[in-house]
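Working notes for the structure below.
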Amino acid sequence: MEKLPGQPLCSSSLWPHPHRGAGPAQPTERLVGPWSLQELRWLATQLEKLSQQQSAGPAWLTEHHTWHQEQLALLRTRMERGEVPALPAELKEGLEFYLSQFEDGQSVSEEEFYIDPELYTELLAPAPEEVPVPYERPRATEEELETVQRLKDWSDTTPQGLAKVKKLLEANATSAEVQEAGITRLGGLLAEAKGTGSALPSSCGLTPSAMCPVVMEAVCLGAGLGLLGVRFG
């Protein structure tokens, strides 16, 4: 059963008392969350009736009335979350009919008693799970495809050349194809430089100070487009 910690099911702080009044009269349609005060008072009245009938009725009635109390508590919790904007007329009529079986001195046998187990089914049905939409990479434009090929063929590893790569990545910040090509080519250039086994010439821009801004630009833009797992050398 869902209810607020430390509060009984029919606590006056949780359910407005149907008869108790204090101070000036309040408009019956004043909203309390998504529900009107009138709806909350109606609900409190039904809970009070359930409690009274449960105390005065036969032992077998306890199980059925307790179930209704639990459903109403869950309904209130759903209301507080904004999942139930209003009480349907069908629910009101159904609960009032259920309670009428033991109202005003009336009583029925257990065999004739109408339980209505489907009364809350539709209202308290679990919300449908949201199905995640798989990511689809937008198609590259002709201009972006040309830039991709240009990056794949890139061989200028001077500081000036790497600065041009950085500008290409910035100019195509929303293109996943371009960012992927740039990141991949940078990794390839580093791998080629390592593979020579000799010291890099002074004119080579594949140094930490020159590479860091370009790599960071490519990684940040690529991460925003979902490009992960690329290794540099």
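Structure above, values below:
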item: Filtered residues of segment 57-71 (kept if within 28 Å of the chain's Cα centre (by Cα) and either in contact (Cβ under 8 Å) with a residue 60 or more places away in the chain or not in a helix (DSSP H, G or I) (or both)); result: 70
item: Condition check for residue 111: under 21 Å from residue 60 (Cα atoms), over 32 Å from the mean Cα position of the chain (by Cα) and exposed (fewer than 10 other Cβ atoms within 10 Å of the Cβ); result: yes
item: The listed residue being modelled with pLDDT under 90 and assigned to a helix (DSSP H, G or I), out of 50, 40, 91; result: 40
item: Selection count, segment 96-107, where residues are in a loop (DSSP other than H, G, I, E, B) and under 46 Å from the mean Cα position of the chain (by Cα); result: 3
item: Top-ranked residue in segment 128-146 [being among the aliphatic types (A, V, I, L, M) and surrounded by fewer than 17 Cβ atoms within 10 Å (Cβ to Cβ); ranked as farthest from residue 190 (Cα to Cα)]; result: 131
item: Extreme residue, modelled with the lowest pLDDT, among residues of segment 147-181 that are surrounded by 15 or more Cβ atoms within 10 Å (Cβ to Cβ) and β-branched (Val, Ile, Thr); result: 157
item: In segment 78-88, the residues that are of a type in the set (A, V, I, L, M, F, W, C) and part of a helix (DSSP H, G or I); result: 79
item: Residue pairs meeting the criteria (Cβ under 9 Å; at least 6 apart or on separate chains; first over 15 Å from residue 73 (Cβ atoms) and aliphatic (A, V, I, L, M), in segment 38-56; second crowded, with 19+ Cβ neighbours inside 10 Å and at pLDDT 90 or above); result: 56/102
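The values are calculated or read from the model by the stated rules, or taken from the named source; none is laboratory data. All figures in this text were calculated on a predicted structure; none of them were measured in a lab. Neighbour counts are summed over all protein chains in view; Cβ atoms, including those assigned to glycine, are modelled from backbone coordinates with ideal geometry.
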